[in-house]
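Notes to accompany the following structure.
The values are calculated or read from the model by the stated rules, or taken from the named source; none is laboratory data. Keep in mind that what you see is a predicted model, and the values were worked out from it rather than measured. Using ideal geometry, Cβ is built from the backbone for each residue, glycine included, and neighbour counts are taken over all protein chains shown. Each accessible area value is taken on the protein alone, full model and side chains, heavy atoms only, with ligands, DNA and RNA left out. Shrake-Rupley method; radii C 1.70, N 1.55, O 1.52, S 1.80 Å.
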Amino acid sequence: EAQVTQNPRYLITVTGKKLTVTCSQNMNHEYMSWYRQDPGLGLRQIYYSMNVEVTDKGDVPEGYKVSRKEKRNFPLILESPSPNQTSLYFCASSHTAGTNFYEQYFGPGTRLTVT
Amino acid sequence: LAKTTQPISMDSYEGQEVNITCSHNNIATNDYITWYQQFPSQGPRFIIQGYKTKVTNEVASLFIPADRKSSTLSLPRVSLSDTAVYYCLVGGYNQGGKLIFGQGTELSVKP
């Protein structure tokens, strides 16, 4: 089954304790992206990756890091989480072909609470 | 990057056709228009995508006028299960992969 998986699904942590949210896709997609969703603010892009070893900042990258060492994985790293990073996080992936733009497949989400 | 504007909310009744319009005045030549549906605490799900004119699939139609400065998602005969938030996304990889979602339209379908 084609899917994007995220782990953990729920996480409660404390300020300053480094954490990683994993994202994996089994569709051999080139493009992967991380979004956060907050009430009243919709979906905002954090980081994206056009392919292996190629990452770039989205709209709200401050406080986050990513890496793309393998095509299927795109972990989101919070080196020193703060309460304003409490949010619902989604990973997504899609196929690319030149400049053609295809549908994104989203993961189930990770609800993060930073106290 | 094209900014999108949608109504914040809409109400409808079961069996009616619902049209949600998205405004994107500064859409770029290579941008596509994509609509997603999202239920509470779930990831968005692709509905339909288009570049120009009309696109139809088994769940919706997408109307794009010639100037492409707006688009309309049409949901025929909605049911209670269509209650969700609908997002319009305008973009393409010619801009390097950065994508900006609009605020979304919360559709409420009543019996």
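Considering the stretch A:82-114, the residues that are over 17 Å from the mean Cα position of the chain (by Cα) and facing chain B (nearest Cβ under 7 Å) include one that is farthest from A:R36 (Cα to Cα), namely A:T99. A single member of A:T22, A:T5 is in a strand (DSSP E or B), more than 14 Å from every other protein chain (Cβ to nearest Cβ) and not aliphatic (A, V, I, L, M), and it is A:T22.
Evaluating A:A97 against the criteria (1) within 30 Å of B:T5 (Cα to Cα); (2) surrounded by 14 or more Cβ atoms within 10 Å (Cβ to Cβ) leaves one unmet condition, (2). List the residue pairs whose Cβ atoms are under 6 Å apart, where the first residue sits in the stretch B:19-39 and is within 11 Å of chain A (Cβ to nearest Cβ) and farther than 10 Å from B:L89 by Cα, the second is open to solvent by 60 Å² or more (accessible area, probe 1.4 Å) and assigned to a loop (DSSP other than H, G, I, E, B), and the two are 6 or more positions apart or on different chains. Hits for this filter: B:N30/A:T99. Can you name the number of the only condition in (1) in contact (Cβ under 8 Å) with a residue 40 or more places away in the chain; (2) assigned to a strand (DSSP E or B); (3) not acidic (D, E) that A:R44 fails? The single condition A:R44 does not satisfy is (1). For the stretch A:57-90, give me each residue that is among the hydrophobic types (A, V, I, L, M, F, W, C) and part of a loop (DSSP other than H, G, I, E, B). Within the stretch A:57-90, A:V60, A:F74 qualify. Scanning the stretch A:30-44 for residues that are at the interface with another protein chain (Cβ under 8 Å from one of its Cβ atoms), in contact with a Lys or Arg (Cβ under 9 Å, 6 or more places away or on another chain) and surrounded by fewer than 22 Cβ atoms within 10 Å (Cβ to Cβ) yields a single hit, A:R44. Applying the condition of being away from chain B (no Cβ under 14 Å) and touching a strand residue (DSSP E or B) at 6+ places or on another chain (Cβ under 7 Å) to the stretch A:45-66 and asking which residue is farthest from B:G92 (Cα to Cα) yields A:G63.
Taken as a whole, the condition of being in contact with a strand residue (DSSP E or B) (Cβ under 8 Å, 6 or more places away or on another chain), open to solvent by 60 Å² or more (accessible area, probe 1.4 Å) and of a type in the set (D, E) does not apply to A:E70. Look at A:V4 and say whether it is surrounded by fewer than 13 Cβ atoms within 10 Å (Cβ to Cβ) and at pLDDT 95 or above. No; evaluated as a whole, the condition is false for this residue.
Within the stretch A:85-110, the set of residues being among the polar types (S, T, N, Q) and free of Cβ contacts under 8 Å to residues at least 12 places away in the same chain comprises A:T99, A:N100. From the list B:V85, B:V90, B:V55, the one residue that fits, being touching a residue at least 60 places away in the same chain (Cβ under 8 Å) and within 13 Å of the chain's Cα centre (by Cα), is B:V90. Here B:V90 meets the list (1) more than 9 Å from chain A (Cβ to nearest Cβ); (2) at pLDDT 95 or above almost entirely, failing just condition (2).
Listed by position, the strands (runs of 3 or more DSSP E) enclosed by the stretch B:31-111 that each have at least 2 residues that are surrounded by 18 or more Cβ atoms within 10 Å (Cβ to Cβ) and out of contact with any Cys (no Cβ under 7 Å at 6 or more places or on another chain) are B:32-38, B:45-50, B:61-64, B:70-75, B:84-91, B:105-110.
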